[in-house]
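Visitor: The structure follows.
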Amino acid sequence: MKKQLTVALGLAVLATPVFASKARLQALGEDSYGSAYINDNRNIWLNAAQINNHKDLVTYEFGGNQTTDSAQNARGEGGVYKAHGNFVYGAHFGGASNTANGMRAAAGLAGADEDNNIDLFIGGDAGMKWGANLGYAKTADESSPLTAESMRSRLGVIMGDTQVYANVNLINNAKGTNGVKFNGELGYQVGAIHAWEGNTLFFDYRSFDAESEAANKKDVSLMQAELGIGRVERLNDKTNLFAKASLFNAKVDNERTAGNVFGGAGCTAGTSSVLACEEYETMRVPVVVGVETEAATWLTLRASVAHVVWGSEEDKNDERTIANSTKINAGATLKFGELSVDGVIGNGDATTAVAGENTAAGNGTLRTDNLMSRVSMTYRF
């Protein structure tokens with residue numbers, strides 16, 4: 001009986017579709033920089049040791065050359081990851097940090113986003129899987145005040161059912177075309193992930209501090225913490241059910257934008273654009289339920305619903321519940337042998353000129369003239 005159970009579990013793992021892209025994670029309600037409980041090669045940005053589980057592949061995220069990546073305006077990037085002996089090596093180009101760019105924008109810089117990012121990875125397995133990353137980006141323009149430089153490192157290990165990681169900013173300084181200086185102080189992200197009884201328990205903590213300097217120095221800071229549980233349930237040999245619940249807390253302090261409260265420039269309640277608030281704090285309990293199924297040998301479909309079941313947010317003058325929190329996303333993968341093409345079904349915004357373009361906009365429209373966007377391609381060799 002034990003042997004039959006082992007074989008059955010092995011077949012289930014082999015039958016599980018393996019894809020890797022921002023589009024897939026977005027469609028399943030996850031952050032494009034990795035998931036604590038869904039298997040995807042984007043997880044190397046969360047825990048560098050995950051490179052041991054995602055090797056011998058090339059991946060491309062199609063998009064423009066803009067520095068800030070979003071579902072509505074994707075940034076192009078790509079990389080290759082190759083095993084050699086007991087090690088795995090990787091190089092990735094264009095993987096700028098949205099957090100770093102968001103902090104710089106909140107500090108009042110103009111045109112000083114991260115650009116020309118190069119990330120190098122190395123990992124190995126000696127009974128304990130480990131991984132390390134070093135990323136660097138530099139921009140300068142002699143005809144203007146513009147300079148920007150950043151360097152960060154990611155370190156992680158996987159020990160049986162437990163993962164631990166630490167991602168640290170080593171350099172994060174810039175000067176915008178408007179002459180405003182940005183001096184990044186110690187910034188870090190640490191976390192732990194543990195598999196338990198078919199569930200995944202996770203904790204993630206992030207802290208970023210900087211100093212904006214124009215006429216005088218102003219502090220900008222962001223703190224974010226999340227404690228949660230996720231589960232992947234195998235419904236049959238073609239379908240997985242995903243579920244996650246967490247307690248999420250975030251806090252922003254921005255001396256540069258004195259007096260900026262809900263409704264001000266960039267300080268918008270209920271969105272992620274809160275770094276422009278003078279003071280902002282939120283506590284919430286979001287839940288996500290997603291499904292992924294192999295509809296045909298060449299097609300996989302996925303969708304998710306996310307909802308804040310309890311939560312509030314406040315600035316220096318007001319406190320309110322989280323409004324309009326339900327979000328629907330959907331996506332698909334086209335499979336051609338070892339080549340996979342992922343995309344989001346619709347990829348717009350309720351405020352864009354073309355209505356009904358985004359499955360998350362809540363208008364219930366499927367645009368067949370723009371069926372897949374935020375497209376990526378992965379080839380395994």
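A short reminder: the numbers here are calculations on the coordinates, not readings from a lab. Remember, it's a predicted structure, so these values are computed and weren't measured experimentally. Cβ placement follows ideal geometry from the backbone for every residue including glycine, while neighbour counts extend to all protein chains displayed.
Visitor: Taking 0.36 nm per residue of sequence separation and subtracting the Cα-Cα distance, how much length would be gained by fully extending the chain between residue 325 and residue 140, in nm to one decimal? All intermediate terms of the calculation are to be shown ahead of the outcome.
Guide: On the way: separation 185, 0.36 × 185 = 66.60 nm, distance 4.04 nm.
Additional length available on full extension: 62.6 nm.
Visitor: Set the Förster distance to 30 Å, then compute FRET efficiency between residue 231 and residue 205 from the Cβ-Cβ distance, nearest 0.05. Mind showing how you got there, number by number?
Guide: On the way: r = 22 Å, r/R0 = 0.74.
It comes to 0.85.
Visitor: For segment 242-262 and segment 49-91, what is the separation of their Cα centres, given in Å?
Guide: About 29 Å separates the Cα centre of segment 242-262 from the one of segment 49-91.
Visitor: Also: Give the order of 118, 171, 44 when sorted by the count of other beta carbons within 10 angstrom, beginning with the fewest.
Guide: Numbers: 118 15, 171 12, 44 31.
With the sparsest Cβ surroundings first, the list reads 171, 118, 44.
Visitor: By the scheme Lys and Arg +1, Asp and Glu -1, what is the net charge of all other residues having a beta-carbon under 15 Å from that of residue 184? Let's see the in-between values first.
Guide: Numbers: positive: 104, 138, 152, 175, 181, 206, 217, 218, 256; negative: 113, 114, 149, 185, 209, 211, 213, 219.
Neighbour charge sum, excluding residue 184 itself: +1.
Visitor: So, one more: Rank these for me by crowding, 273, 221, going from fewest to most other beta carbons within 10 Å.
Guide: Working: 273 15, 221 19.
Result, fewest neighbours first: 273, 221.
Visitor: Once both labels are modelled 7 Å past Cα along the beta-carbon direction, what's the residue 178-residue 379 spacing in nm?
Guide: Modelled inter-label distance: 4.4 nm.
Visitor: Still on this structure, I have one more. Relative contact order for segment 241-293: what percent, with Cα pairs under 8 Å and sequence separation of 6 or more? Kindly include the intermediate steps, with their values, before the conclusion.
Guide: Numbers: 92 pairs, mean separation 27.2, N = 53.
Value for segment 241-293: 51 percent.
Visitor: Could I ask something else about it? Just rank 285, 308, fewest to most, by other beta-carbon atoms within 10 angstrom. Walk me through the numbers before you get to the answer.
Guide: On the way: 285 15, 308 21.
Least to most surrounded, the residues fall as 285, 308.
Visitor: Then there is this: Name the shape class, rounded, prolate or oblate, that the alpha-carbon gyration tensor gives for segment 154-302, where a ≥ b ≥ c are the square roots of its eigenvalues, rounded holds for a/c under 1.5, and otherwise prolate holds if a/b is larger than b/c and oblate otherwise.
Guide: prolate
Visitor: Could you tell me the calculated FRET efficiency between residue 305 and residue 215, based on Cβ-Cβ distance and R0 = 45 angstrom, to the nearest 0.05? Please list the in-between numbers first.
Guide: Working: r = 47 Å, r/R0 = 1.05.
Here the calculated transfer efficiency is 0.45.
Visitor: Right, another one. With contacts defined as alpha carbon pairs under 8 Å and 6 or more residues apart, what's the relative contact order of the chain in percent? Please list the in-between numbers first.
Guide: Working: 1067 pairs, mean separation 51.9, N = 381.
Worked out over the chain, it gives 14 percent.
Visitor: Do the alpha carbons of any pairs in 22/327; 175/218; 244/335; 181/316; 251/327 sit beyond 21 Å of each other, and which pairs?
Guide: On the way: 22/327 17 Å; 175/218 14 Å; 244/335 27 Å; 181/316 26 Å; 251/327 23 Å.
Over 21 Å Cα-Cα: 244/335; 181/316; 251/327.
Visitor: Just one of (1) 80, 59, 42; (2) 72, 47, 41; (3) 78, 65, 46 is Cα extents along the principal axes in Å calculated from these coordinates, so which is it?
Guide: Computed from the coordinates, Cα extents along the principal axes in Å corresponds to (2).
Visitor: Label-point separation (nm) for residue 188 and residue 68, each offset 7 Å from Cα along Cα-to-Cβ?
Guide: 2.8 nm
Visitor: Let me ask something else about it. What value, in deg cm²/dmol to 500, does the helix sum -39500 (n - 2.57) over DSSP H runs of n ≥ 4 give at 222 nm once divided by the residues of the chain? Please report the intermediate quantities before stating the final value.
Guide: Numbers: 3 runs with 29 residues, N = 381.
My calculation for the chain gives -2000 deg cm²/dmol from helical runs alone.
Visitor: Can you check what the net charge comes to around residue 55, using other residues whose Cβ is under 13 Å from the Cβ of residue 55 (Lys, Arg +1; Asp, Glu -1)?
Guide: Numbers: positive: 82, 129, 380; negative: 56, 125.
Net charge in that neighbourhood comes out at +1.
Visitor: Given contacts defined as C-alpha pairs under 8 Å and at least six residues apart, what's the relative contact order of segment 35-138, whole-number percent? List each step's numbers first, then the result.
Guide: On the way: 205 pairs, mean separation 26.4, N = 104.
Once normalised by length, the contact order is 25 percent.
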